[in-house]
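Worksheet: one structure, shown below.
The values are calculated or read from the model by the stated rules, or taken from the named source; none is laboratory data. Everything numeric in this text was worked out from a predicted model, so none of it was measured. Here Cβ is always computed from backbone atoms with ideal geometry, including for glycine, and neighbour counts include all displayed protein chains. The protein model used for the area step is the full one, side chains on, heavy atoms only, and it has no ligands, DNA or RNA in it. Shrake-Rupley method; radii C 1.70, N 1.55, O 1.52, S 1.80 Å.
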Amino acid sequence: MDWIAARRAAWVAAALGVTAWPAAASRDATWRAPEVPAEDCAVPAAAQAAAAAPAPVLLDGLGYAGIEPDSANEQARAWFAQGVRLIWAFDEVEAIRAFQTAQRLDPNCAMCHLGEAWARGPTINLSPRTDELAAARAAVARAAALSRNLGGRDRLILRGMQIRTRPGADFSNEAYATYMEGAALRMPGDDTLAIMAADARMVAWGETKPPVGSLAQQLLERVLARNPNHGGAIHYYIHLTDWIDRQELAVPYAERLGGIAPAASHLVHMPSHSYFGVGRYRDAAAVNVAAIAADRAFVQRARPAESGYRMGLLAHDMHFAIESALARGDGATALDVSGQYRETYLHGEIDARLRVMGAATFYARGLHDDVAAVLALPVPANVFDRAQRHYARGEALARRGDAAAVRAEAAAIAALRAGRDSPGLGRRGEQLAEVFQYVLEGRAAMLAGDPGMAAAAYRKAMERQLASDFGSDPPLFWYSVRRSLGAAMLASGDHLSARAQLYVSLRSWPNDALALYVLSRADRAAGDAASADRNLARARALWAGDVTAVPLPRI
């Protein structure tokens, strides 16, 4: 997969209801806080949410901490450890509450204040966090005033936080990253410094493509060689290897993560980035289903502060589960999670990002729900929802083999795109609607026995998909349309061109069972029986049902 600078597109990264975006978007397909001037945030939104929440509770199952505070109070130490574990799991609001509880139990604990400052800083998901800067700076000052008994490593962390929160309008991410890298190199055996340095550099990279073999990568790999069960190191390593398109490097550690921190829903989810990248779609779906359950359990047990960010992480888990299930033909899982997504998000006043991610629920219906039920879906008021409905109807009608009806749904999408309501589609909605239209035109042509016309339509859809920069974890559209182009070429008798397209598609979507199935047919047409047998066996092993039962017009 080629690097896409905005692969974690900013529209997926904003908090619920947010319409403003930071200048640099996160590369994680999770939710990112908006940039808010400090003068507009005398009390940070996170602090307001935390103040309104019930008192936090100590939990097990959050993973590895790896750092001790300067306190003899056992309860304070336990809360400090929980705060660190929550930082590793990107649960910053709850981490702040844990550190503040530790402070109340031991007001003289410098590290408890330092932990709060750390939890308020920018992350690869939450940047620039300008609204947290004043509180973070104050926590650093309190830690410095209590720092007389801190050891050498902790003094380095304190100095790093002082640099990060030094006077200015925003956090000093580049200076902090440079300092922490130096600190990690001064104490090469310390895991916490190494992970904090890697994290700092990843935040400082912003949208810059990280180099393979960077110091951040080296630091994380050293930690994992010493401690392969460090959940924080695994978390950041999964992100980093995803960014450099070397997801296979993280797989052995990703396989451990859910067992290390079963109560931390985001850590339960994280292996799916690696699994999807290497084509383990069943596993990607499974860990996201588990993450959804872990989130529900965490909310029930921990009674966390409400935030758009937390809700966004759950939406990301659901979206990821649906897309992963669709990639292997697992209609039952896709439909089940789609129902949860609709119940949770798609009612009332709907945030635009949630609506676009919710397209996956229409894919699931069109591909796997009862055809009559899909055709009976009411006409929505929202123009993008209407486009999604037409696409779902088109896929359902393709299952019936009704070429004319599929063509009519494509024409309806074209009319929406050209109609007076088209501005309501939005940029992403327009891009997706165009892909919907051309895919359905290709389906209709294939069903009508015109693979040449189908190939032309699929090529348009593929070009729009590639040009639209939909990202890859998971993508906004559910499959590689290049696969359909290969199927149309095979149907037209051009098995050599079909093979070429399918090999390219499989580089971006490894282990795509339907692409492998079509490739096996193209192999056989080319006289390569051994390759045909291998690819057919792989396709059968990867697909949730009988892959050979899927006709070319629906591939």
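Can you compute the radius of gyration and Dmax for segment 416-477, using only the Cα atoms, both in Å?
Values for segment 416-477 (Cα only, Rg and Dmax): 12.7, 35 Å.
With the full set of protein chains in place, find how many percent of the accessible area of the chain is carbon and sulfur; take the probe as 1.4 Å.
About 53 percent, which is the carbon plus sulfur part of the accessible surface.
Please compute the per residue accessible area over the chain with all protein chains in place, 1.4 Å probe, rounded to a whole number of Å².
36
Roughly how large, in nm² to one decimal, is the mean projection of the convex hull of the alpha-carbon atoms in segment 340-499? List each step's numbers first, then the result.
On the way: hull surface 37.5 nm².
That works out to 9.4 nm².
So for each of 543-552, 506-515, 108-117, 298-307 I average, over its residues, the number of other beta carbons within 10 Å; can you give me the resulting order with the highest mean first?
Per-residue mean Cβ counts within 10 Å order the peptides as 108-117, 506-515, 298-307, 543-552.
Dividing the convex hull volume of the Cα atoms of the chain by its residue count, what figure in Å³ per residue is obtained?
That works out to 138 Å³ per residue.
For segment 309-386, rounded, prolate or oblate, judged on the Cα gyration tensor with a ≥ b ≥ c (square roots of eigenvalues), a/c < 1.5 rounded, else prolate if a/b > b/c?
Numbers: a/c = 2.08, a/b = 1.08, b/c = 1.93.
Judged from the Cα gyration tensor, segment 309-386 comes out oblate (a/c at least 1.5, b/c at or above a/b).
Just to verify a number: what accessible area does Phe470 come out at with the full protein assembly present, 1.4 Å probe, Å² rounded to tens?
Ignoring ligands and nucleic acids, Phe470 comes out at about 20 Å².
Please identify every one of the trypsin sites (Lys or Arg not before Pro) in segment 368-467 that sits in a loop by DSSP and has no more than 13 other beta carbons within 10 Å of its own beta carbon.
Answer by residue number: Arg420.
Over the chain, calculate the relative contact order: mean separation of alpha carbon pairs under 8 Å at least 6 apart, over the residue count, as a percent.
12
By the gyration tensor of its Cα atoms, with a ≥ b ≥ c the square roots of the eigenvalues, what is the shape of segment 443-542: rounded for a/c under 1.5, prolate for a/b over b/c, or oblate?
Judged from the Cα gyration tensor, segment 443-542 comes out oblate (a/c at least 1.5, b/c at or above a/b).
Mind putting a number on the dipole of the chain about its Cα centre? Charges go on the C-beta only, +1 for Lys and Arg and -1 for Asp and Glu, and I need it in Debye to the nearest 20.
The dipole magnitude comes to about 480 debye.
Taking a ≥ b ≥ c as the square roots of the eigenvalues of the Cα gyration tensor of segment 249-335, is the shape rounded (a/c under 1.5), prolate (a/b larger than b/c) or oblate? All intermediate terms of the calculation are to be shown ahead of the outcome.
Details: a/c = 2.13, a/b = 1.37, b/c = 1.56.
In terms of gyration-tensor shape, oblate.
Once Lys and Arg get +1 and Asp and Glu get -1 on their Cβ, which of Val435, Ala537, Ala364 lies farthest toward the positive end of the dipole of the chain?
Looking along the dipole axis, the top candidate is Ala537.
Please compute the alpha carbon radius of gyration of segment 62-166, then divide it by the globular-protein estimate 2.2 N^0.38 Å. Two decimals is fine.
0.96
As a test of the formula, what do you get for the chain when each DSSP H run with n ≥ 4 contributes -39,500 (n - 2.57) and the sum is divided by the residue count, at 222 nm and rounded to the nearest 500 deg cm²/dmol?
-20000 deg cm²/dmol
Dipole magnitude of segment 484-540 about its Cα centre, charges +1 at Lys/Arg Cβ and -1 at Asp/Glu Cβ only, in debye to the nearest 20?
That gives segment 484-540 a dipole magnitude of about 140 debye.
If you average 1/r across every pair of different Cα atoms in segment 157-247 and take the reciprocal, what Kirkwood value do you get, in Å?
Evaluated over segment 157-247, this radius sits at 13.3 Å.
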